[in-house]
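Rule-based calculations on the coordinates, nothing more; no lab input. Just so we're clear, the structure is a prediction, and the values are computed from it rather than from any experiment. No Cβ is skipped: glycine too gets one built from the backbone with ideal geometry, and neighbour counts run over all protein chains shown.
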């Protein structure tokens, strides 16, 4: 909504990354995600990192089982990507960003 | 310090037993001698609709309400609301338990379509949720309802297996008594081989249909570190929850009573040492249709109630009202006892449910009503199914009643044309006192005869008695037994009359004979007297003749002497002189 919000159907991407403490997998996921976002979604996303070790009550809401899990709440439908997000291609597909031409 | 005392322990022969968590499920704790392993996971597996979830939920509910152990219910297939609705029918209110902080429900939704996998991951989220739920209420019990659902949500099987192994370890480390349900697979106990991770206790539930009647069965496949019943146990799920039939008790060690109870029929008591049945024994009356088996049962019911004890009467053929009406015709009025609450008449169709259901229904009635006597009329109506099953069921029923010291009175219908003793072979060995009522058809009449085929622990009569139903109840009359036949009814009466006539005739003949003898004796005696007289006369005559001869002899001698002296007397004087 800052510069060119119209590119993804005028919508903002809301992302949540669920992690459990500072595990290597969590750290890798966060690093990979940041890289993808910086490369492809500059200025069009909002990212929350949720540490379930600190706030376990949040796991139920998004039905988190696997760690790490990246959840795309907006735009609907909800998409979930699990794993350390090392495969950029799959993350893009998973977030449904390829189709919409990002 | 602790070690020496621990070492001394084996001497007192008290070995530490595996700690068990009671499930509170009727019968299950008996089979497993205490419940599921405490602080360890247990697998419940079985096909769809076999009652896995019900078992698991009841385990949690009973734990929370009866044993003060709060629980976590983690479902993978049904939402909390759905689950609550499902178990409401069993009288469980999960929402209420949750409100009272005795239960936490967490529905884990797995939607493969919305999940994309990239790179490595683990199931830490599941652990965190579980930990969070456990901490919330201090849970001691956990149920994971169809944990295997995770296999459909994630593709990395190797990773899942490692995580499941870790999960079981995690549960054990926290001492959580866990039940994991799992769907049965093809040729394996569970579809994803979960049993290889849970080595402590595996329970298998089965739901099968045999001749249109469904039966549910349970088997403890494995129970590490504990002995357990290894049989298949029937179980039921009804409005009071899950109940496993506490089958044949493992030992034959029930207490016995030497007390006697009257059968309600005086003559029958006479045949049983004059005292009647043993209390807590099992009695079987078998006979063909209409032979008066039910009436014997009614007598026992009346007698029990007269003594102020309780009787449970279960009929499979007559409604309670019909039983009361019919028994009134032989002078037994049961209605007042029903009103007083001493007699409970129950009736249902034998085809209404499977054997286990019947058994359980009887169990429940007995548990709630606590009768002294249970009458089942007729028990043969249950025998439609597999005879082995019937046998097992009756054995269980008898065992159950015996351990409770309840007298069991069963009637059995024998089919025409079959040997009376043969049909009950399946159950006769379980019976203590076996009465047989048989029909005797003779001279255009059908009469009944009763005898005691066996009666353990007493010197029972070996007589066959005629069984007569009068307006004042049953009477057992001595029957005519002779010439290889048993006569009853009018045949017996006519035979008795004939015997009487014969006896009179015989007496008469005997009298005549003794009279003739007397006469003969008298005649002989007279003859003897006459002969004696004759002899006496003869003797007299002979004696007199002898006297006369002697006189003549003397006279002759005198004459001779006189004559000699007259002739010179020399010879004579010589003789005389010499």
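Remark: B:262, B:89 ranked as B:89, B:262, counting other beta-carbon atoms within 10 Å and listing the fewest first.
Taking beta carbons within 10 Å but only from partner chains, what does the mean come to for residues B:128-136? Intermediate values should be presented prior to the final figure.
On the way: counts 14, 9, 2, 4, 7, 3, 0, 1, 2.
Other-chain Cβ atoms within 10 Å of each residue's Cβ, averaged: 5.
Ranked by how many other Cβ atoms sit within 10 Å of their own Cβ, fewest first, the residues A:47, B:453 fall in the order A:47, B:453. Volume of the convex hull of region A:5-94 (Cα atoms only), normalised per residue: 88 Å³.
Over region B:16-244, the pair-distance histogram of Cα-Cα distances with 5 Å bins from zero comes to 1, 7, 15, 20, 21, 17, 11, 5, 2, 1, 0 percent, rounded to whole numbers.
Whole-percent P(r), chain B, all Cα pairs, 10 Å bins from 0: 3, 13, 17, 14, 12, 10, 7, 4, 3, 2, 2, 2, 2, 2, 2, 1, 1, 1, 0, 0. Extension gain, residue B:259 to residue B:490: 0.36 nm times the residue separation minus the Cα-Cα distance gives 79.3 nm.
The modelled label-to-label distance between residue B:136 and residue B:459, using points 7 Å beyond Cα along the C-beta direction, is 7.5 nm.
Can you give the FRET efficiency to the nearest 0.05 for residue B:322 and residue B:519, using r as the Cβ-Cβ distance and R₀ = 45 Å? It would help to have the intermediate numbers written out before the result.
On the way: r = 73 Å, r/R0 = 1.62.
FRET efficiency, residue B:322 to residue B:519: 0.05.
The calculated FRET efficiency for the pair residue B:174 and residue B:207, based on their C-beta separation and a Förster distance of 51 Å, comes to about 0.95. Inter-chain Cβ neighbour count for A:76-83, averaged per residue, equals 5 (cutoff 10 Å, partner chain atoms only).
Convex hull over the Cα atoms of region B:22-76, averaged projected area in nm²? Can you show the working numbers first?
Working: hull surface 16.5 nm².
Its Cα hull, projected and averaged over all orientations, spans 4.1 nm².
What's the angle, to the nearest 10 degrees (0 to 90), between helix B:387-403's Cα axis and the longest principal axis of chain B? The helix B:387-403 is inclined about 80 degrees to chain B. Highest-first packing order for the peptide set B:216-229, B:397-410 is B:397-410, B:216-229, based on the mean count of other beta carbon atoms within 10 Å.
The ellipsoid that matches the Cα gyration tensor of the protein assembly as shown has semi-axes, each √(5λ) in whole angstrom, of 108, 30, 19, with the longest given first. Placing a pseudo-label 7 Å from each Cα along the Cα-to-Cβ vector at residue B:445 and residue B:165 gives an inter-label distance of 8.6 nm. Once the Cα atoms are used to define both axes, helix B:52-66 deviates from the longest principal axis of chain B by about 90 degrees.
Its Cα gyration tensor gives region B:260-481 an equivalent ellipsoid. The semi-axes, each the square root of 5 times an eigenvalue, are 24, 20, 18 Å from largest down. Counted residue by residue at 0.36 nm each, then reduced by the alpha carbon distance between them, the extension gain from residue B:289 to residue B:339 reaches 15.0 nm. Mind checking B:102-112 for the average number of partner chain beta-carbons within 10 Å of each residue's beta-carbon? Per residue, the number of nearby Cβ atoms from other chains is 2 on average. Backbone N atoms of region B:152-179 closer than 19 Å to the 7 Å Cα→Cβ label point of residue B:224 belong to residues B:161-179. A Förster distance of 56 Å, applied to the separation of the beta-carbon atoms of residue A:78 and residue B:240, puts the FRET efficiency at 0.85. Paramagnetic label reach from residue B:101 (point 7 Å along Cα→Cβ; backbone nitrogen cut-off under 20 Å): within region B:41-70, residues B:61-70.
How high is the relative contact order of chain B? Use alpha-carbon pairs under 8 Å, at least six apart in sequence, and give a whole percent.
Numbers: 964 pairs, mean separation 68.1, N = 578.
Computed value for chain B: 12 percent relative contact order.
With respect to chain B, whose longest principal axis is taken over its alpha-carbon atoms, helix B:124-137 is tilted by about 60°.
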